[in-house]
Every structure is written in structure tokens, then in C-alpha cells.
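Following: one structure in C-alpha cells, then a few remarks.
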Amino acid sequence: MTTAPPNSPATLRIRDLRVDFASEGGTVEAVRGVTLDVAPGRVLALVGESGSGKSVTAMSVLRLLPRTARTTGTIGVGDQDPLALDAAGLRTLRGGRVGMVFQEPMTALNPSMPVGAQVAEALRNHGVAAAAADERAVELLEEVGIPDARARSRRYPHEFSGGQRQRVVIAIAIACEPELIIADEPTTALDVTVQAEILDLLRRLVVGRGAALLLITHNMGVVADIADEVCVMHHGLVVEHGPIARVLAEPEHPYTRRLLAAVPVLPEPALDAVTEADEVVEAAAPGEDAAPDALRLRGACVDYGRGVRRFRAVHGVDLTVGPREIVGVVGESGSGKSTLARAAVGLMPLSEGEAVVLGEHLRGHGRRVRALRARVGIVFQDPAGSLDPRMTVGQSVAEPFRMHPAVAGRPGPAERRRRVAELLDAVRLPAGTIDRFPHELSGGQRQRVALARALTLRPGLLIADEPTSALDVSVQQQVLDVLRDVHAEFGFGCLFISHDLAVVHAIADRVAVMRSGEIVEQGPATQVLVSPRHEYARRLVTAVPSPDPAEQRRRRELRLAAS
Amino acid sequence: MTTTTRGWARSPLLHYVLRRTGQALLVVLLVTVVVFLLLQALPGGPARGVLGQTATPEQIAAFNAANGFDDPLPQQYLAFLDRLLHGDLGTSYVMNMPVADAIGERLPKTLLLTVLSLVVAVAVALPLGVRQAARRNSAFDYSTTTLAVVLYSTPSFFLGLLLVIVFSQWLGVLPALAPQGQTVAEVLAEPKALVLPVLTGSLVAVATFSRYARSSTIDNLAEDYVRTARAKGTSERAVLRRHVVRNSLTPVIAMLGYQVPVVFGGALVVEQLFNYPGMGLLFWSSAQASDFPVLLGCVLVIAVATVAGSLLADLTQAAVDPRTRGGLR
Amino acid sequence: MTTTPATTGTTDIVPGPPTAAPRGRGLRRFLANRMAVVGLAILVLLVLFSVLGPLVYPTDQVHTDLANANLPPGAGHPLGTDAVGYDVLGRLMIAGRVSLVVGLAAGILATLVGTLWGAVAGYVGGWVDAAMMRVVDAGIAIPAIFLLLVVSAITRPSVPLLVVVIGLVSWLVPARLVRAEAVSLKTREYVLAVRAGGGTHGRAVLRHIVPNTVGTVVVNATFQVADAILLVAYLSYLGMGVQPPSTDWGAMLSSGISLVYSGAWWLILPAGLAIVAVVCAFNFIGDGLRDMLDVKGRRS
């Protein structure tokens, strides 16, 4: 393990930190001996996948872990060890010398307290008088970029967007000019364009004040964007530590190498390159063979609510998925991309326009439509909710046989089991999985089971709604590989919804960019994601951080130049 | 969030108030249907009730014809509804007075008893529940939550009886009979006699409310905003007082509105046990005497109070919560 | 749509082994709740007492024996005799049968009706749901004890009628709970997957929604039984429930009240404590089952 020699004494020193949790199944060692330093004015990124112990490490600095945690080792913030402090000492440390930014801005603020008061509370906790604290809170809100801060400081959190709430949380964290800020996945819950703004803000405010920043993230792009050094954690241990230029470019530890190799990368944006061949490519792409398109949407509109409360989530969408084509739909939260996916297979009614699946209209409830639906598979985002917790994997995957015995050729129990085993093999799950229950599987395994279930009746159309978004990168890579393989083997048309441009680039033939319910640009994947023409698509593409620090510096300049 | 800007729909809160009030009126209407049908189901119908057990079939037929009881049911129902709207709940078989007057005389005394019990219960239960949650899994928490389940499982007549045996028979410090005054003022003139009825009524409610307050506070203590508050150096006491209590007790207080039927049910037993001349006792003695107009009149009054209570609870909650105050859902 | 690895709250950062079969873990959780085990023990004892007790300790509960009325506890009558000379201990046993049978049957009836009503309302949704839930609101607006008294005033109830009536006034709470559950379950992704794949509504409801409400239903049924036992006790106490010569614990207590001031504690205390014990037992068991089945909702 390499420890970067800091020039000045470190703001945060962690030595051999170990954290265990007592749980029903025995003791779980979450952190198994972590040592690291963060120097003033520097940004250290702590990266790793879920369960690596990175958040536990961060939380233990302020002793914010649940009571079941047992912590040993030493932590130094300046001259104090939080692990040895009494309650009063801990309170002066929290918010005073160390500020904290959390992952979920939607829930991190008290819903029944005005935001100004929540900022002021941090100041009052550390001895600032009430009137002065209120005044300073307004200044802080201004500083983090809340427009009209004086008036809005009396507003409640629900009146702010996710990005603005995260700004408020940052204002709370920096209120008492702490020497250390800990940010735990501060942008993970935010859209990519908002993420870029928040990262800029954090860097400016923390480093600008000469404070140290400990940034916890799973996103290599975020690391490359703002960190100076990086610590890679795996199973509770730091496996690699060094300056980002070295670690990201020439990783030494095999785990770091695996992790970096799994990150899908969006090629450099080439905003000036105008591809002449666009029109030609687009016209040639959809299959000229006899098979009907997997999906054809014409003027599709979807409304939520009725009467005066009606809200149009999808507006006039034209989209075609060819017989063996993978079409990616990207967009930020609220863009209507998931609604579009659901409407495409009739889970939500179209209020206008038409949806044609495999050459037939998907309307009504009759036998014809049920038979048509037998040829549609669907995979959702949430690995926890995608399988019935009371059914075994085998039962879930075989369920389509029972729903459509005629389509399946009326297989008997033995035949069903044989075919389920084949499907599980196709998604690279071990044969023993067949009798397991969903809660016994990991997230990635569950998503592969969901994929197997969607493929049971050899669909002509597969809808994949953020199928990898809840997964760690290495697991995401496995699921994407499996999807690519089964696509080659089974040959279906696929509508692939994702917020992650790099993932879509890795898998899709064509891409559509959605914003506020409309498609603003569509075309071949490389063209749309590398040299987009629509202004919003350009903003989206340049906001995606690259895990290559040099490339990321270029993107940052591009982005700042554009704004 | 997005709504069109047409007229009244512009305020989602107003929209909610109107929708919720409409629902409440619908429920009251449904209750009147139930009561009307019960009236029809009475042995011998309304005529037997008015004319007494000795009425001949001829007398009943004549009475029915004269009072429109031969009309088709929907028409009778409309007439019934019309009478209700004019405050006419019928006439008691036994007391020879209008039901509305009989209830009007007793209702204030029942309200006095129930409001006192609720105030006592809330004053004890909310701090208790918050304390239990703050010291979750401590000996204090275990013993008080177990006690709450025992109290909840104890029928109030048994609890009241035990209190009477202890405080009035053994210790002789409190009377076993509730105040017998005719008016609220006369009742209040005997505060000592009110102690046991109020105590009996509030103990079971303490068990219910503290359970709610405890679990609501526990839920809120697990929220992210509590972690944010701790991370900025807020003391545990201030976390509870400034952040958690408000968020966790708002729904509990609003829940009081949903407790109206429970409260009236409790009053029925307490009044019977301590012979307190309120609506509960009126109801009980009318049940003994098969005085159906009074029984159904009471049911109607309680049902309207219940609907009003839960309406009030929902609206209060919507008005207090900053998330709904500005724009609803 | 949120697009993040779900990590909210501090508990999620705690890694845990995702294994261990749910049944074994559930049973361990139930047993870890000490009060639930106590409740189960009390219930078993009370059932044995009521069902097998009369075989071990036979008494005449049909013929009154005024010569031996109001005897204090003593030889031959461990808990004394009541105002008409019945042996209190023996009477406690046969009263327990009525209380338990009425409570269990009414609780189960209420649960069945409520589950069906709530599942249909929640799954169908729209105006059907709205209309069905207004009916529930109207039912809740008339407190059960009042409605029961009105019914008893019309006709003195037999035990089966008592079961039906109590069951029919108690189904509202489970109906609300199951509806809320069904509304949430029908948007679960595995239900959506069935519908998108051409599964019928029947399959969605019977194979996926109903099995997944079992936890909520079972826990609530336990509380329903507790409440039904209390309700029948109240009714009997008010003199409108089980009629002599049959009796239940509430009726026993009621008939003893007039004599309690002359010190006849054995006429009310055993019956009262029996009610408290059995209702506590069901409530403790319900709490334990809730831990075991991981049911989120609270009783209302």
C-alpha cells in the first residue's frame, strides 16, 4: 500500500480502522484495516463497489454508524480522535471541524423546517447567535448558488429540486468553515447535468477554502473529474492508493484493473464533426428483410391523471425498433423514457398515436392480444422487485409456459424443467439456481433470472427498462455481456432504456434522446452519442465524466465553454 | 405537480379539500341508508314502535297509510332524509320526547367526559411514546410497551371495576358513582366524582396513542434528515425536540380525528359502569328497552361525528404539512 | 425514475449475508420476541383449560343450586360459586370455550370478508375502488359496539348469529389494509412483467398478489381475533351478548358485578383476568408474527 507523503500535516488521518457489525447471521467485518490520509486543500476519492466498506469508513469518522457497529483503530481529525471523544466533544467536531454531504438530497433535509433554519442550525450549534446565524445562512445559500436566497431561505425542502437540495446540504456542511468535508456519493442520486454542477461547486467551495475533501463514490468519471488522489477499496481493504493520473492510467492491483475495465466509456465527444453520412445510415439501418419491425410507435402520447390534473408524460413520439435491432433511449429523470417503455407494451394506455408490436396492433384484451404479448419480454430496473419473492427461480422462469401453453407447445414438467435449465445456462447462471428463492441471489443474478424469464417464449421484442442501473459496474458488465450474447442467440428487437449514456453506447445500434416527453434527436448510436446536433443532446454528452483524467479535463473545458 | 391553470383547480389544496369533503358527504349519505334500512328491519316496522305492542293489524295498516309507510322504499327514504335535514330524528318510544331533544340534553355531558379523557391520554401518551422511541430496547421501553399491550387488552369495564375496588372500596378516596348533574356545570361541580370515569376512559387511550407515537418516532429517527442533523453537531435532545417530534407527532395528533368511534364506544361502557347520564348511558338503556328511534338517532349522530372527525384529521394534516400546504401531490 | 443503487439510510450500508432460508430465520425472529412466546404459552394453556379442563374437573353447569350460591373459594369449590350456585372454576372453563370460539370464528370471518373486499377494490381500482372504499368508510363511521347493541335489541343473538354479526362489523380494518397492499403490489415489477407478457388478471391476483398479502393478512387476523374476543366480552358485559344458561367470560363478569361490593371478588377477578390474558396472548403473538413475517403496516 502506498501512502502519499503529504507536504503539510494531514487533515484526516485514519490508521488501521476496523468496523464489525453484529447481525443476525453473526459478525460482519465491513472494514478490515483501512489506513489513509487527506491533506488540506486536497481531494481524496474513496472508490469501490457496494459492500466494499467505503461508506462505513466515511461514516465512522463522525461516528454516524448504527449502534451495532464496533469500531477499532485510530482516526485523527487535526489533533482530535473522534473515536475517543465524549458526546460534547463529538458535537463540536460534527459540523464544526467536519462537514458532511449525503447521497440522497431528497431525504437529507427535514421536510418540516425551512431550509434557511436548517443551515442556521449548524451555525447555532457551534456558538453563533441566532440573528447572525440567520444572516450568515442567507449568505451561504447565495454562495452555493440558490437564486433569490433571502426569500427562499424561508421555503421548505419540497419546494426545491434535487440539485438545489444538495446545494443546501453543501451549505450546511461548509457553514462553520470545517477543515474537512466528507461527501458520501453526493451526486449519485442526481442527473448527469446536475452532477457536473454539484461537482464543480464542491471543488470550488472545498478546495477554495483550503479544506480537505473525502469523496466517496463508485463512479470513476467523478473520480477523474475532481479528485487528486484515489483509494480503491475492496472487501473492507484499501487495495490501491495513489494519484489519480497513475491509478486510473496504470492500475497496479488486479482488482483496480478489473474495475476500470468494466467501466463503459463514452468516446470523446466530437461536437464539430458533422457526419455527412447521417441520412444515408439512418435510411439504410432498418431491416429490409421480410420480418416485421419489433416495435413501431407513431405519434405516441401518454397522459397521467385525468381532467384538470392531466399531465402529458410522453408527447408525439415516433420510434421504430427493427427486427434484430437494439434501440437505446436515453434521458434524465422525468424525461418520460420509462413511461414510453411501459406504453410500448400496453402497460399504460396511449392517449394518442399507435403502437404496433411485431406487425400487429397492441389494443384490447382479447385472445389475439394475449398471444401477441407472449412474444414480448420485459426486464425492469429493480433487482429486488422484479421477481416474486414467493416463487423459486424455476417457477418464475417457467411461468410464461403456464401462461401460454399453446405458444410453448404444451411442455410437460420434465420438459419445462429442461428448458428452464437451458435458459438459465444461456444467462450464465449455474444449474443449481433453479431451486433458489430470489432473496438468496445477488442483484446481478436476479437481473439475469429476470432476463431468462423474459426470454422463455423466445420473444420478438424485449423491453429493458434500466436493467443495469441498480448494479455495480462489474456486475453491470456481466449483465450487458449476457444481454449481448442472448441477443445474438435469440435475435429479438430490443428497446433499451437507460440514463447512462456509456451503457447505451456499449449496447445499442441506434439511440433516441428524450427530454420532457419528446425525442429531441435520434440516429445511429455513435453519431448521436459522439457528435450530437441538438443542443440538449450536446449538453448531456459533455456532462458525462470520463474516467480518463486528461480526457475529463478536456470535457470540463468543453462544458464550461458551452455554458 | 403540473396542473392546468383553469379556475379553482389552480389550488391543489382547495381541490383536495373539495374532493375530501365530497367523499365525506357521500359516506354520511350511505350511513343514512343503513340506518333507514335498519329502521325497516325492525320487528313490525316503525308503526309497531309508535303505536306500541298492543296495536292491532288494522291500526297498523291505518297508521302506515296515513304516514306514507306504504309508499315505495325510495320515496320513503327521501321523506326520511327530508325529516333528518330538518333535525327530526323521530320520537322516543319510551321517554315520550323527540329523539333530538333527548340526545341534545345528553351529548354535551358525553363530550365533556370524552374530551377530558382524551386530553389526559394525549398529555401522557405522546411524551411517553417519544421517550420509549428515544430509549428503544431499554428496560424502560420493554416494560412500558408491554404494559401498554396489557392495558390495551383489558376491557375498560374490568379496568374501571378494578379502579373502583381500589380507590373507592379499599382506599375510600374517590366516589364510585359519576356526577349525576343535569347540566355540564353541575357535573363540573363534582370534580372528585369525575376522576375515576376520566381515568378509566384515558388509560386504554394511553395504550393506543403511546403505541402510535412510539412507532412514528422510531420511523422518523431512522430518516436521513436525522443523520444530517447529527452530522452538523446537533445534540440528541435537540434532534428529538427540534426535528423528530414535530414530524412524528403531527400524524399522531391528526389520528385523534380517526378515534371518534373508539371514543364513543369507550364512553358507552364508562357511562354505563359509573352511571354517568350521558349519551352512552342513554344508548344502553334504550337498547335494554328496545327504544329504536333513540338508538338509531344516536347511531346517526355518532356516524356524522366520526365522518367529520376523520375529515378534520385529513384536512388538518394537509394544512400542517408544508409539503401539502403549498401544492398537494 | 430514480437511477441509483438504492442506498438510503444507514442500515443499507451494513453488508449482510443475503442467505438463510426465510422460514428458519422467521421462526428464530418469532422465538426471539420473548413476549410472543409467552403469548403462545398462555394461549395454549387457556385452550387446554377450556377444552380439556371439564374432563378433568367435571361440574354441573346446567342445574342451578341456590342452596350453595355465593360460596367463597374453599373446599369443593376452589374459586367459589356464583349467585345461582354454579361452580366458578368449572364455569370459567365452559365460558372460555364460548369466548375462544366466538373470537376465533368471528376474527377469521372478518379476515376472509375483508381480504376479499380489499383485494378486489385495490386490484380493480378506479371508481369501483372508490365506491367500495366509501362503503368501508360508512361501516367504520358506525362504531361496532353500537351496531351490535342495535342488532341485539332486535333479536337476542345465538352464538352462531353472534359470530356472523361480529364478523360482519369487524371486516373493515382488514379490508383497508389488504386494499393498500394490493394497490402497492399491483405496480410491483413482477406483476407488471406478468401483465406485459400476456398473463391474465386472474393469474396476477391469485398467483402473485394474494400470496404476497398473506403476511399482512395473518398478522392482522391475530389482532382481529383479539378484538373480537374483546367485543363479545363488551357485548355480554352490557347484557346483550351470550344468554344464560350459556355464558362467556364477559357475561360471567357482568353477572358478578352486583355482588362485588360485598367482597365477592371471585365473581369478577378470574373472568376478567382470563379475558385480559387471552387478548394479551393474541396481541403478543400478533407482534411476534409481524417481526417474523416482516410486515410493515401497523395495526390501526
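The values are calculated or read from the model by the stated rules, or taken from the named source; none is laboratory data. For clarity, every value in this text was computed on a predicted model and none was experimentally measured. Cβ atoms come from the backbone with ideal geometry, glycine included; neighbour counts cover every protein chain shown. Please note that ligands, DNA and RNA were not included when accessible areas were found on the heavy atoms of the full protein model with its side chains. Shrake-Rupley method; radii C 1.70, N 1.55, O 1.52, S 1.80 Å.
Where nothing but the Cβ of Lys and Arg (+1) and of Asp and Glu (-1) is charged, how large is the charge dipole of region C:138-260 around its Cα centre, in debye to the nearest 20?
540
Give the long-range amide H neighbours of A:Glu240: residues separated by 5 or more places, or on another chain, with amide H under 5 Å away, using H modelled in the peptide plane at 1.01 Å from N.
It is A:Val232, by chain and number.
Using protein chains only (no ligands, no nucleic acids) and a 1.4 Å probe, work out which residues of region A:294-314 have their accessible area cut by at least 50 Å² relative to the chain alone.
Residues meeting the cut-off: A:Val308, A:Arg309.
Show which lysines lie in cross-link reach of B:Lys109 when reach means a straight Cα distance below 19 angstrom and same-chain residues fewer than eight apart are skipped.
B:Lys192
Taking only Cα atoms and a 10 Å spring cutoff, compute GNM fluctuations for chain B and point out the largest among B:Glu271, B:Glu236, B:Glu58.
So, out of B:Glu271, B:Glu236, B:Glu58, the one fluctuating most is B:Glu58.
Provide A:Leu387, C:Leu48, B:Leu199 ordered by accessible surface of protein heavy atoms (probe 1.4 Å), highest first.
Ranked list, largest accessible area first: C:Leu48, B:Leu199, A:Leu387.
Once amide H atoms are built 1.01 Å from N in the peptide plane, which residues 5 or more positions from C:Thr81, or in another chain, come under 5 Å H to H?
C:Asn70, C:Leu71, C:Val88
Karplus couplings for region A:127-143 from phi (6.51 cos²θ - 1.76 cosθ + 1.60, θ = phi - 60°), rounded to Hz, Gly and Pro as x?
x, 7, 5, 3, 5, 5, 5, 4, 5, 5, 4, 5, 4, 5, 4, 4, 5
Can you give me the % of accessible surface on region A:188-250 that is carbon or sulfur? Probe 1.4 Å, all protein chains present, nothing else counted.
That share works out to 52 percent.
Just to verify a number: FRET efficiency for A:Glu535 and A:Ala270, C-beta to C-beta distance, R0 = 22 Å, to 0.05?
Values: r = 16 Å, r/R0 = 0.73.
E(calc), rounded to 0.05, equals 0.85.
Can you list the DSSP H helices in chain C whose Cα atoms extend at least 18 Å along the helix axis and whose mean Kyte-Doolittle hydropathy is -0.5 or higher? Walk me through the numbers before you get to the answer.
Working: long enough: C:34-51 (26 Å, 2.62); C:88-124 (52 Å, 1.66); C:126-141 (23 Å, 0.93); C:172-185 (20 Å, 1.04); C:210-237 (39 Å, 1.21); C:269-293 (35 Å, 1.45).
For chain C, where a helix must reach 18 Å along its axis and average at least -0.5, the hits are C:34-51, C:88-124, C:126-141, C:172-185, C:210-237, C:269-293.
Return one number: the angle in degrees, 0 to 90 and rounded to the nearest 10, between the long axis of the Cα atoms of helix A:192-202 and the longest principal axis of the Cα atoms of chain A.
10
Could you check which residue among B:Pro12, B:Pro74, B:Pro108 shows the biggest mean-square fluctuation in a GNM of chain B with a 10 Å Cα cutoff?
Its mean-square fluctuation being the largest, the pick is B:Pro74.
Give the lysines whose C-alpha is closer than 22 Å to that of A:Lys54, dropping any in the same chain fewer than 8 places away, or say none.
List returned: B:Lys232.
Rounded to whole Hz and in sequence order, give me ³J(HN,Hα) for region B:140-154 from the Karplus expression 6.51 cos²θ - 1.76 cosθ + 1.60, θ = phi - 60°, writing x for Gly and Pro.
4, 4, 4, 5, 6, 5, 5, 4, 5, 5, 4, 4, 4, 7, 8
For region A:30-130, with every protein chain kept in place, what is the accessible area per residue (1.4 Å probe, Å²)?
Spelled out: the 1.4 Å probe surface of region A:30-130, per residue, equals 32 Å².
At 1.4 Å probe radius, can you tell me the per residue accessible area of region A:299-340 in Å²? Kindly include the intermediate steps, with their values, before the conclusion.
Numbers: 1490 Å² over 42 residues.
Per residue, region A:299-340 has an accessible area of 35 Å².
Less than 18 Å apart at the alpha-carbon level, and either on another chain or at least 8 residues along: which lysines does that give for C:Lys186?
C:Lys296
At 1.4 Å probe size, with no ligands or nucleic acids counted, give the accessible surface of A:Cys231 in Å², nearest ten.
0
Could you give the nm distance between label points at B:Gln75 and B:Asn137, where each point is 7 Å from its Cα heading toward the beta carbon?
Each label point is offset 7 Å from its Cα along the Cβ direction, giving 7.1 nm.
Can you tell me the length gained on complete extension of the stretch A:Arg209 to A:Glu489, counting 0.36 nm per residue apart and subtracting the Cα distance?
95.2 nm
Count charges around C:Ser246 for me, please; just the other residues with Cβ under 13 Å from its Cβ, Lys/Arg as +1, Asp/Glu as -1.
+2
Averaged per residue, what accessible area in Å² does region C:71-147 show with a 1.4 Å probe, protein chains only?
On the way: 2700 Å² over 77 residues.
Roughly 35 Å² per residue, with all protein chains present.
Whose amide H sits under 5 Å from the amide H of C:Gln243, counting only residues 5 or more places off or on another chain, with H placed in the peptide plane?
none
What does the helix-only formula give at 222 nm for chain B: each DSSP H stretch with n ≥ 4 adding -39500 (n - 2.57), the total divided by the residues, and the result rounded to the nearest 500 deg cm²/dmol?
-23000 deg cm²/dmol
How much net charge surrounds C:Thr59 when only other residues with a Cβ under 9 Å from its Cβ are counted (Lys, Arg +1; Asp, Glu -1)?
-1
Antiparallel as a % of all DSSP beta bridges within the protein assembly as shown, to the nearest 5?
Beta bridges within the protein assembly as shown, antiparallel portion: roughly 55 percent.
What is the sum of charges around A:Ser153, taking Lys and Arg as +1, Asp and Glu as -1, for the other residues whose C-beta is under 15 Å from the C-beta of A:Ser153?
Values: positive: A:Arg124, A:Arg136, A:Arg150, A:Arg152, A:Arg154, A:Arg155, A:Arg165, A:Arg167; negative: A:Glu121, A:Asp134, A:Glu135, A:Glu139, A:Glu142, A:Glu143, A:Asp148, A:Glu159.
Spelling it out: positives minus negatives among the neighbours equals 0.
Interface B/A, total buried accessible area with a 1.4 Å probe, nearest 100 Å²?
2700
Between B:Leu18 and B:Val119, what FRET efficiency follows from the Cβ-Cβ distance if R0 is 35 Å, with the result rounded to 0.05?
Rounded to the nearest 0.05, the efficiency is 0.65.
Using a 1.4 Å probe on protein heavy atoms only, how many Å² of accessible area do A and C hide from each other, summed over both chains and rounded to 100?
Details: alone 24890 and 16360 Å², together 37440 Å².
Approximately 3800 Å², summed over both chains.
Of all chymotrypsin sites (Phe, Trp or Tyr not before Pro) in region C:229-300, which ones are in loop regions per DSSP and have a Cβ with at most 14 other Cβ atoms within 10 Å?
C:Tyr261
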